[in-house]
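What follows is a single structure, written as structure tokens, with notes after it.
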Amino acid sequence: MRRSLVTFSVLLALAGSVAARPAAAPPLPHRMADTGGGSQLITAEAPARGSTTGTVTWWNLRRGTWVKGGSAPARFGTKGLAEGATRKQGTNTTPTGLYDLPYAFGIEPAPAGTVHPYRRVGNRSWWCQDTAARAYNRWVEPRPKDCRAGEAEHLIAYPTQYARALVIGFNYARPVRVRGAGIFLHVNGRGATAGCVSVPAAAMDRILDWVDPARRPHIAIGTRSGPTAITRY
């Protein structure tokens with residue numbers, strides 16, 4: 001009888017400890033205000049607005065549940081992150097928000113298995129960031145006269161960062177000229193970025209092999225908490 005009572009007491013204690021254990025938080029995409037409506041999502045999360053490092057994770061929506069596909073350490077702008085809707089050009093901040101991924105590009109060929117639209121960089125490939133140019137925040141080839149070389153990126157001049165990259169649709173569909181241009185998910189350089197999100201080369205290859213335009217992929221950029229929390233987007 002005593003052994004039965006002891007056993008019952010142990011089981012009761014174990015049950016109580018299990019009941020007291022907090023439930024695991026749902027996956028990050030389930031806690032977000034919006035995921036873009038597709039079945040693929042990249043999250044780029046930083047600890048705080050002033051952070052220059054964080055984590056990029058890519059997710060698949062399967063039978064109504066977001067499942068983690070992979071993750072990698074990420075780098076952000078040298079001045080941290082800023083609210084995308086009010087960000088200013090030239091601030092070296094990464095814009096927070098939810099964006100589409102119009103196409104990929106690179107100096108190197110696309111990884112085997114890539115189905116996302118992919119554009120090869122050549123000697124005449126530029127990204128126009130000149131606020132006075134008609135082609136503001138657009139790939140131009142060749143660079144037009146109204147897009148000054150000092151206000152544009154000669155893409156081939158960045159063989160490491162732009163070996164392979166994804167265009168982030170920040171300020172892209174209807175560009176606001178003071179907001180910023182040329183925001184990409186690209187390969188790591190030597191340190192923090194000028195406003196892009198970067199990951200190791202191997203992770204960039206995995207993402208390009210994974211991303212599928214038919215699944216309407218998006219990227220959400222934000223912080224762990226506060227006004228720019230990734231869950232707000």
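The values are calculated or read from the model by the stated rules, or taken from the named source; none is laboratory data. This one's a predicted model, so the numbers in the text were calculated from it and none came from an experiment. Remember, those area values only see protein heavy atoms, side chains included, never the ligands or the DNA or RNA. Shrake-Rupley method; radii C 1.70, N 1.55, O 1.52, S 1.80 Å.
Whole number please: convex hull volume per residue, Cα atoms of the chain, in Å³.
In the chain, the Cα hull volume divided by residue count equals 153 Å³.
Pull up the cross-link candidates among the lysines for LYS79, meaning alpha carbon to alpha carbon under 19 Å and not fewer than 8 places away within one chain.
Within reach: LYS88.
In whole percent, what relative contact order does the chain give with Cα contacts below 8 Å and a gap of six or more residues?
Values: 533 pairs, mean separation 61.8, N = 233.
RCO, the chain: 27 percent.
Of the accessible area of the chain, with the probe set at 1.4 angstrom, what percent is carbon plus sulfur?
53
Once you sort the root eigenvalues of the Cα gyration tensor of the range 158-233 as a ≥ b ≥ c, which label holds: rounded (a/c under 1.5), prolate (a/b larger than b/c) or oblate (the other case)?
rounded
Assuming a ≥ b ≥ c are the square roots of the Cα gyration tensor eigenvalues, decide whether the range 117-182 counts as rounded (a/c under 1.5), prolate (otherwise, with a/b larger than b/c) or oblate.
Judged from the Cα gyration tensor, the range 117-182 comes out oblate (a/c at least 1.5, b/c at or above a/b).
In whole percent, what relative contact order does the range 60-99 give with Cα contacts below 8 Å and a gap of six or more residues?
30
Relative to the first principal axis of the alpha-carbon coordinates of the chain, what is the inclination of helix 2-20, with its axis defined by its Cα atoms, in degrees from 0 to 90 and to the nearest 10?
With both axes taken from Cα atoms, the answer is about 20 degrees.
Quick one: grab the alpha carbon gyration tensor of the range 36-136, order the square roots of its eigenvalues as a ≥ b ≥ c, and give me rounded if a/c is under 1.5, else prolate or oblate depending on whether a/b is larger than b/c.
oblate
What number comes out for accessible area per residue over the chain if the probe is 1.4 Å? Units Å², please.
About 51 Å² of surface per residue is accessible.
Report the Rg/Rh value for the range 73-183, based on alpha-carbon coordinates and the Kirkwood definition of Rh.
Rg/Rh: 0.95.
What angle, in degrees between 0 and 90 and rounded to the nearest 10, separates the Cα long axis of helix 201-210 from the longest principal axis of the Cα atoms of the chain?
With both axes taken from Cα atoms, the answer is about 80 degrees.
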